Amino acid sequence: QPFQRAQYLLSAHTVRQLPAETDGGREVAFAGRSNAGKSSALNAICQQNALARVSKTPGRTQQLVFFELPPHADLYLVDLPGYGYAKVPKEMQEHWQAFIAQYFESRRALAGLVVVMDIRHPLREYDLQMLGYAVRRGLPAHALLTKADKLSRGAAGNTLQAVRKQLAAEFGDSVTAQVFSGESKQGVDEARAVIARWLGL
Ligand code: GDP
């Protein structure tokens, strides 16, 4: 199970620091608002308690954090900086925006985008911006509606239907969505299957 073996590789805060691209290299990027539950989702998918803690180290929050999936030296999960955190200075926001835009435009290995959203607050402005970057590149994207344990099954299902409808209207059929919980582990297998397919596993 490759996700269980995920391990920290490096953090990049400029395009030059990204791992070198190889012919067979593929990676899946994780985006989400700060506090949406992105670290918990990564940890649940990889079945590790502290994998994504490195992404939260102060000073690392504006970096792309790469996790490799041994034994595959050129398959990565990439933790993008959490967005929507008001206290980030404007220059940092601008640097981050430019870096992310450049990453989406130029990174050949990028095979798909996972956007992690709190199921109670889905499809906010920056979520839509990230999805737009992926779709414009012709890449698939998948929305994890996490913290589903905070809602009843019925309410979670209703939100999923509404989100799928909006995604279809804005992005066509290249964006999929599912219910998820890093807490109860609901939806972990479904998320793994999507990511494994994008990585060619
Ligand atoms: P990040 O900033 O997006 O990486 O978010 P974290 O994964 O650190 O989660 C932010 C907060 O939400 C933490 O207090 C987590 O314990 C909580 N959290 C994350 N995922 C879930 C979930 O699926 N269910 C519940 N109930 N809480 C969650």
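A few points about this structure:
- Efficiency of FRET from Cβ geometry, E91 and R124, R₀ 35 Å, rounded to 0.05: 0.95
- Nitroxide proxy distance, nm - points 7 Å out along Cα→Cβ at Q1 and T176: 2.0 nm
- Out of every Cα-Cα pair that region 114-177 contains, those further apart than 15 angstrom amount to 45 percent.
- Entries in K90/K147; K56/K147; K150/K185; K90/K165; K38/K150 that, when Cα-Cα distance is taken, lie over 23 Å: K90/K147; K90/K165
- Whether region 2-199 is rounded, prolate or oblate, judged on the alpha carbon gyration tensor where a/c under 1.5 counts as rounded: rounded
- Label-point separation, R53 to E105 (7 Å along Cα→Cβ), nm: 3.8 nm
- Between E183 and L10, the C-beta separation translates, for a Förster distance of 22 Å, into a calculated FRET efficiency of about 0.15.
- Euclidean distance between Cα centres, region 112-153 to region 178-201, Å: 13 Å
Bear in mind that the values in this text are calculations on the coordinates, not laboratory data. It should be emphasised that the depicted structure is a prediction, and the values quoted were computed from it without experimental measurement. We place every Cβ from the backbone using ideal geometry, glycine too, and count neighbours over all the protein chains shown.
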